[in-house]
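Following: one structure in structure tokens, then a few remarks.
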Amino acid sequence: MRMQVKFLNGLNTIGGNVVSFTQGKTRLVMDFGVNFAPSETPTGDLLANGTLPDLPDLFTDVSSEYETTIFVSHLHLDHMGALKYLTKPIDVYMSQASADLYYVLTKLGIESAPYANIKVIDFEKPTSFGDFEVTFFETDHDARGAAAIRIRNGEHTVVHSGDVRLDGPHPERVNHWADVLRDENIDLLLLEGTEFSFDEANDIAHERYTEMSLQQNFAQILQSSEQLVVINPYERNIDRLVALQATVQANGREMRWDHQFATILLAVGMTDVKEIDWETVLAQPGHYVIQNHFNQLHDLDQFNGDYVYLHMNGEPLGEYDPRFAELSDYLTNNDVLFCSLGVSGHATPDDLVALAQHISAKKTVTWHSFKPEKEAKALREVGLNVYLPTKGETLNY
Ligand SMILES: [Zn+2]
């Protein structure tokens with residue numbers, strides 16, 4: 001029996017990377033994201049133009065010759081955004097923390113995938129699917145519950161790194177799975193390369209922030225400002241939200257969340273979560289930190305520009321999103337400085353090279369990057385065997 005590893009999408013984009021593993025009638029698909037799909041575009045067009053992975057039986061009424069199972073390494077849209085396009089019931093495995101978050105996002109209507117049958121797979125518990133065995137390893141990325149995934153067919157081992165960083169709060173998790181895989185002499189490593197996407201010239205000016213330095217910078221701003229502080233973080237980075245509230249409290253202020261964030265935080269087990277009450281905040285703005293989603297930007301009108309605005313990887317995330325210009329115009333018109341306190345969830349190029357070198361797979365594929373060839377070159381320079389597949393290409397193991 002042979003396992004066919006097919007690269008379906010995301011070979012030179014950041015995210016939307018999809019690979020399938022097929023053996024006999026069993027087909028495993030991981031991850032299941034899309035990069036950018038305007039909501040009004042019909043599914044058929046997204047399939048035809050390659051936004052969705054080329055798996056027509058999952059997105060149309062074409063019947064399937066396979067028993068398909070989907071695996072989601074973490075709950076970012078570029079890794080699970082295609083679930084909502086499914087047209088038949090499919091089991092979708094994710095970690096417990098991802099499933100908890102997915103449940104509340106669905107309850108709030110932020111996610112809706114009626115055919116995704118969500119199932120939990122525990123970390124480091126090898127689980128059989130046909131002739132395959134799949135194991136999730138807890139990792140460090142800016143999404144709680146993120147995993148690296150190992151796939152075996154009894155003979156060969158392939159690993160999907162998922163998104164990963166080594167200067168986050170939990171490098172020991174990454175070092176652990178890297179140690180396990182090094183000892184197993186794996187055949188194929190699919191390694192993300194996000195941070196290879198950018199030009200070095202820009203990088204020199206760009207200081208690398210970490211989750212820890214973000215909290216330090218945040219504390220400093222809280223100490224030096226007497227104004228209301230407004231933060232715009234991303235609702236799926238639960239661990240950062242927990243840390244932000246702790247920093248707020250340690251600096252003598254109180255944290256107030258909007259209804260969606262408060263609902264999510266309560267659902268994932270955070271205590272002492274308080275929703276915004278504008279009257280109390282207006283009475284003593286300098287005592288509070290409020291979280292603001294772009295959807296409710298105009299809630300800030302009532303403060304007449306008298307606040308500090310800290311962007312912390314919330315929506316809109318970057319200039320590619322037209323709402324980003326709207327946000328910066330709004331702040332400029334209100335004489336508010338746009339202050340960016342973002343942190344990358346992705347390993348530095350040096351860390352990626354060290355990680356790949358440590359694991360030393362027989363073959364490494366670089367993807368999830370605008371410049372996979374740049375990552376490939378760096379890995380070849382340290383003696384690794386690197387392969388750059390094309391979209392739709394299949395490797396046999
Ligand atoms: Zn990603």
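The values are calculated or read from the model by the stated rules, or taken from the named source; none is laboratory data. Model, not experiment: these values are computed from the prediction. The area values use the complete protein model at the heavy-atom level, side chains included, leaving out ligands, DNA and RNA. Shrake-Rupley method; radii C 1.70, N 1.55, O 1.52, S 1.80 Å.
In the chain, how does Rg compare with the Kirkwood Rh, expressed as the Rg/Rh ratio over alpha carbon atoms?
Expressed as Rg/Rh, it is 0.98.
Angle, helix 349-359 long axis vs. longest principal axis of the chain, Cα atoms, 0 to 90°, nearest 10?
40 degrees
In the structure displayed, which of LYS107/LYS371; LYS6/LYS88; LYS88/LYS363 lie more than 32 Å apart, Cα to Cα?
From the list (LYS107/LYS371; LYS6/LYS88; LYS88/LYS363), the Cα-Cα distance tops 32 Å for LYS107/LYS371; LYS88/LYS363.
How large, in percent, is the carbon and sulfur part of the accessible surface of the chain at a probe radius of 1.4 Å?
That share works out to 48 percent.
Return the inverse of the average 1/r over all pairs of distinct C-alpha atoms in region 213-290, which is the Kirkwood hydrodynamic radius, in Å to one decimal.
12.7 Å
Using alpha carbons only, how many degrees (0 to 90, rounded to 10) separate the axis of helix 96-107 from the longest principal axis of the chain?
It works out to around 60 degrees.
Please work out, to two decimal places, the log10 of the ratio I(q)/I(0) at q = 0.15, 0.19 Å⁻¹ from a Debye calculation in which every Cα of region 278-397 carries one identical scatterer.
Log10 I(q)/I(0), no solvent term: -0.77, -1.00.
How large is the helix-only mean residue ellipticity at 222 nm for the chain, computed as the sum of -39500 (n - 2.57) over DSSP H runs with n ≥ 4, divided by its residue count, in deg cm²/dmol to the nearest 500?
Helices in the chain give a 222 nm mean residue ellipticity of -8500 deg cm²/dmol.
Rounded to the nearest whole Å³, what is the per residue volume of the convex hull around the Cα atoms of region 209-340?
Spread over its residues, the Cα hull of region 209-340 gives 103 Å³ apiece.
Once the principal axes of the Cα atoms of region 297-364 are found, what is the range along each, listed largest first in whole angstroms?
Taking max minus min along each principal axis of the Cα atoms, region 297-364 gives 59, 22, 16 Å.
Helix 171-184 against the longest principal axis of the chain: what's the angle in degrees, Cα atoms only, rounded to the nearest 10?
Tilt relative to the chain: about 0 degrees.
Taking every DSSP beta bridge with both residues inside region 209-340, roughly what % is antiparallel (nearest 5)?
In region 209-340, DSSP labels about 5 percent of beta bridges as antiparallel.
Sort largest first and round to whole Å: the equivalent ellipsoid semi-axes of region 67-164, each the square root of five times a Cα gyration tensor eigenvalue.
Rounded to whole Å, the semi-axes are 22, 16, 11.
Might you tell me the accessible area per residue for region 209-340, computed with a 1.4 Å probe and given in Å²?
47 Å²
What does the C-alpha gyration tensor say about the overall shape of region 112-181? Classify as rounded when a/c is under 1.5, otherwise prolate if a/b is larger than b/c, or oblate.
Judged from the Cα gyration tensor, region 112-181 comes out oblate (a/c at least 1.5, b/c at or above a/b).
Express as a percent, rounded to the nearest 5, the fraction of DSSP beta bridges in the chain (both residues included) that run antiparallel.
40 percent
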